[in-house]
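Worksheet for the structure shown next.
The values are calculated or read from the model by the stated rules, or taken from the named source; none is laboratory data. Owing to the predicted nature of the structure, the values given are computational and were not obtained by experimental measurement. Because the Cβ atoms are built from the backbone with ideal geometry, glycine has one as well, and the counts that use them run over all protein chains shown. Ligands, DNA and RNA are excluded from the accessible area calculation, which covers all protein heavy atoms including side chains. Shrake-Rupley method; radii C 1.70, N 1.55, O 1.52, S 1.80 Å.
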Amino acid sequence: MFPFKGFIIRNNFWLKVLSLGTASGITIFPFIFIGKKSTDRLILVNHERIHIRQQIELLFLGFIILYFVEYFINRMKMDAHAAYRAISLEREAYANDQNLNYLNTRKTFAFIKYYKK
Ligand SMILES: [Zn+2]
């Protein structure tokens, strides 16, 4: 449905700046930033491509709003890493990033079913 897979930029400097040094990859539509020597590259890129799909569905701005609103609500209940992992957009990406065929079969707005109260 959405064949676009993002433009991959392998650059340690921009990855560090954009993720504040916290991530091995970050997606800011239409770009996927990963480190020059990232391990598990296929899984990492697949993870970030799931975020590309989510960002298209949520018209980017909706993704940013949902991501941070969920993060801050989670953060009131748990530590920073757990709050990040509990974001529904991340839960979908982590649950499926090892399935390299996932984006071919994924339903639109699939992240909704990963939302947990
Ligand atoms: Zn992610």
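Just a few scattered comments:
- Members of segment 39-51 that are more than 12 Å from the ligand (Cβ to nearest atom) and either out of contact with any strand residue (DSSP E or B) (no Cβ under 8 Å at 6 or more places or on another chain) or over 20 Å from Phe4 (Cβ atoms) (or both): Thr39, Asp40, Leu42
- Residue, surrounded by the most Cβ atoms within 10 Å (Cβ to Cβ), within segment 64-101, restricted to residues that are of a type in the set (Phe, Trp, Tyr) and over 18 Å from Asp40 (Cα atoms): Tyr67
- Subset tally (residues that are open to solvent by 70 Å² or more (accessible area, probe 1.4 Å), more than 16 Å from the ligand (Cβ to nearest atom) and of a type outside the set (A, V, I, L, M, F, W, C)) for segment 2-38: 6
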